[in-house]
């Protein structure tokens, strides 16, 4: 079922959140708690924004906990905005192009969840991807396809609307085939300036999603690290130090927008393509 | 540009042809001779028929020469019909699902060559794949797509016709877009009973393709090996011991059919879908 | 802490024991039960005896459950005697040369457990390996080193004595350095004719080890499979279908010797080098 | 035979030297010119100094040209001092721990060349490594062992003397066994402040080694890149834009010391351990 985290705020080393907390993302790849799938060892990935006009990307198929390259990179790379993901595969195979986050231009995208009966929907969904975007699809996951549909529906101009239209499109296609409760997701996408974190399910309870409540929440993770300055926030599948008042759950059918470490939320509702 | 070999005849260890000859497939992965692309180190694969109703398959992204697993497997696996391929990638990324041979049911398929301007054609070609076959596509190569189009056009019933229709379909789609000389190929496919080896190019000279002329040709490769019995034939991108009278070139626009180590050839002509 | 299984008896497909049982080795790589380390995803390996004078070997660093090559190979390879192992690493790094089983000549060897404070002992132990064997050591694990010490102490001539001397040698070296309770092990080694399964700990309870009790035990694992003939026995870290009367625990300080699917046991006692 | 490059000077993106030049290191992994081994596809590695007290390290077994992670990392990482290496293996296996550069503390080390009949010398050389350094050895190459011997002989205090003593030690051990012309090397090591580049062979011509002559030499590689400031120098196995007056050959039996992009050279002579 995957686990992910995203950070926005003062530049910090990636390892501060990926490796060091008591229940870090690496710990969650081995033993997640707030999910049925406790092991998330079908690959991992990190994406980070730095001085270039496009983000960096490192993904591999190894379990995150035993990849020494990831450890070494996270100990060197500093970023003010980054995404990290550990995968539990619902769509085989396990290959780098099926690991998250996905990248297109200066956008990154990652997903936890799945599309019900995706193999039946995949062809129709693929065909809805804009021709100029189609060649960029390298893998065969539902997650990557959701990204390219959102891009097709204008995510680069209006991220929230793009994702709302993507979800509605999938739900409509699923409905025509009698597939119930098709979309299960937490999604995080970024243009390098803001993070957009979505939590939604067609019916019922979506996967968990939290954001840190205060600056102290992050500083408390590592008292020895004095690097956090004003404006620092993490969005996580599950809390990095257990369920405490350091973390606030993001409600279902909500999108949280994080800019410079500050968060606002608004309702998330699937939106038909015809609407502006 | 890739190199491949296929064998039909008495059961032999895979290493006899993949590793042992003077200019083995492994040697060709490092330094091919009859092609512009001398290095074919973007992955490899073997497929072989044994006692099961479906063939075995082993593919990986390493250069074939430094994969100890391949060496160990080829030293153990014996087969009367097998395919082997070393890849030089024209379509990224290098991943297991982009390595040849590809497998569907009891069919194996591998390809040397490319489709011109494939990224422009890919979407249309994908959409022509039969819905029940579509979910089996795991990679994003032109080669795998050619396989699934041939299956869509009846290859399982009539292999030669299926491939002829596939080539015609691609040439027609290319023509509509002004893409010239679209198809360049040697292809080998098998159902476990016969090998079908195709050599074709829309215009001009296709990649090289040879078959062994006599049983002696194979036995001479390894005088110490007395295992070849009546009926043993190899089809190869380039000869395993240099250009000698052990090898006969397969003409362009030809398909060679090998059953039990015996070969026949017939003309290969792209065929419109409408024809039987 | 690793999990392993070994089989001796009528030839069967490797997948019958590695993949198909309710609590197969693959299931144990994801969620073992009779051990503290439930996840064993730091690589895997299979070794099998067939028609050659040396066994086959396939090892890789991926989690066993998501390696499609392993699945494909296990579905094709039939053997009357094979070993399989999933690793939970105590000695980094995770690399193919650190995966079990290890192979030397026609011998295979695998291990579950560890040597306490191995980094302090490694140099001395390495130096005790016979010079003609030394170049064959490719990794840096305690397990591989135990194998080469046992070979040094005559395992090829007398397997039980070789392992007894190896354990005594390590305990003596550990004792000189004040390291307590140094050796924790279940070991399986084979020459292609018999399996030798050891269960021992310097002090206290060693890792678990069981063997199947009756032919029915194995046939019951897969009622649809009628391939088991007289003489078929599996030795396992933990039962493949839960703790039932299909499995008998091998006592601590015991070696079980399996030949043609028949098992005998005898006491296992560390033995000083000087003894015959 | 490997190829490598090292840079010292103003911070630049790693890709400027690893990927962009006409005959970049990536091009050399596919088709080197000034060596017998034109293909160097048995793994690669990069090490770079940044804001931490220890350098970053990324190594993998793929051919450098098809590793998208390397491409992505080199496009993001900026450094004032970095090392990069593409490997042609003389000592199997191909695994991450056998890729260069090697790292110990804040030191990096890479090597092109080999030790003659290394398998006969390995045991004796390993035993000469200081006990506190021994646990850090993860692979089984001659190159890594040369590094740890140099560290044993005081490289951290006096790099040139440490390497001189290491070479003398190996030549002495080889001589006792009748091994002629044992050491063939270009070596590059760094403490993060300076680069030390060695070119030596016991007898005859060592592998090639060059350094850039002027700042223009580097700027000319990429006219569009205006980032090179005063003090920028590259040391390379072979020139990045062909044999031109942009490059000066480093004579045999010489060490070049590069600090802040400025180079000095001095003779390199193997030195017995007893000398200060």
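Under the condition of being without any contact (Cβ under 8 Å) to a residue 40 or more places away in the chain, at the interface with chain A (Cβ under 8 Å from one of its Cβ atoms) and farther than 17 Å from residue A:14 by Cβ, the residues counted in the stretch D:56-75 number 2. Note on the stretch B:3-15: among residues that are farther than 24 Å from residue B:206 by Cα and under 18 Å from the mean Cα position of the chain (by Cα), the one that is modelled with the lowest pLDDT is B:9. In the set (1) within 19 Å of the chain's Cα centre (by Cα); (2) farther than 26 Å from residue D:98 by Cα, residue C:172 fails one condition alone, (1). When we screen A:192, A:204 for residues that are part of a loop (DSSP other than H, G, I, E, B) and in contact (Cβ under 8 Å) with a residue 60 or more places away in the chain, the only hit is A:192. Among all residues of the stretch A:28-37, there is at least one that is closer than 21 Å to residue A:108 by Cα and crowded, with 19+ Cβ neighbours inside 10 Å. Here residue B:53 does not qualify as touching a helix residue (DSSP H, G or I) at 6+ places or on another chain (Cβ under 9 Å) and either surrounded by 24 or more Cβ atoms within 10 Å (Cβ to Cβ) or within 12 Å of another protein chain (Cβ to nearest Cβ) (or both). Considering the conditions (1) touching a strand residue (DSSP E or B) at 6+ places or on another chain (Cβ under 8 Å); (2) without any contact (Cβ under 8 Å) to a residue 60 or more places away in the chain; (3) surrounded by fewer than 23 Cβ atoms within 10 Å (Cβ to Cβ); (4) in a helix (DSSP H, G or I), residue D:175 is excluded by exactly one of them, (1). Assess whether residue A:177 counts as being at pLDDT below 95 and more than 18 Å from the chain's Cα centre (by Cα). Criteria not met by residue A:177. From the list B:155, B:185, B:127, B:110, pick out the single residue that is farther than 29 Å from residue B:31 by Cβ and crowded, with 21+ Cβ neighbours inside 10 Å. Matching residue, one of B:155, B:185, B:127, B:110: B:155. Scanning the stretch D:71-87 for residues that are in a loop (DSSP other than H, G, I, E, B), modelled with pLDDT of 95 or more and under 23 Å from residue D:256 (Cα atoms) turns up nothing.
When you scan the stretch D:17-32, do you find a residue that is within 14 Å of chain A (Cβ to nearest Cβ), in contact with a helix residue (DSSP H, G or I) (Cβ under 9 Å, 6 or more places away or on another chain) and in contact (Cβ under 8 Å) with a residue 60 or more places away in the chain, even just one? Scanning the stretch D:17-32 turns up no residue that is within 14 Å of chain A (Cβ to nearest Cβ), in contact with a helix residue (DSSP H, G or I) (Cβ under 9 Å, 6 or more places away or on another chain) and in contact (Cβ under 8 Å) with a residue 60 or more places away in the chain. The set of residues in the stretch D:96-132 being in a strand (DSSP E or B) and in contact with a strand residue (DSSP E or B) (Cβ under 8 Å, 6 or more places away or on another chain) consists of D:102, D:103, D:107, D:108, D:109, D:110, D:111, D:112, D:113, D:114, D:115. Within the stretch D:5-12, identify whether any single residue is more than 14 Å from every other protein chain (Cβ to nearest Cβ) and either part of a loop (DSSP other than H, G, I, E, B) or in contact with a helix residue (DSSP H, G or I) (Cβ under 7 Å, 6 or more places away or on another chain) (or both), and answer yes or no. Yes, the stretch D:5-12 contains a residue that is more than 14 Å from every other protein chain (Cβ to nearest Cβ) and either part of a loop (DSSP other than H, G, I, E, B) or in contact with a helix residue (DSSP H, G or I) (Cβ under 7 Å, 6 or more places away or on another chain) (or both). Here the condition is being part of a helix (DSSP H, G or I) and more than 14 Å from chain D (Cβ to nearest Cβ); of A:135, A:93, it holds for A:135 alone.
For residue A:78, the stated conditions do not hold, so it cannot be described as more than 8 Å from every other protein chain (Cβ to nearest Cβ), in contact (Cβ under 8 Å) with a residue 12 or more places away in the chain, in contact with a strand residue (DSSP E or B) (Cβ under 8 Å, 6 or more places away or on another chain) and surrounded by fewer than 20 Cβ atoms within 10 Å (Cβ to Cβ). Against the list (1) part of a strand (DSSP E or B); (2) within 9 Å of chain A (Cβ to nearest Cβ); (3) in contact (Cβ under 8 Å) with a residue 60 or more places away in the chain, the condition residue D:48 fails is (3).
The values are calculated or read from the model by the stated rules, or taken from the named source; none is laboratory data. Just so it is clear, the model here is predicted, and its values are computed rather than measured. Backbone-built Cβ (ideal geometry, glycine too); neighbour counts: all protein chains shown.
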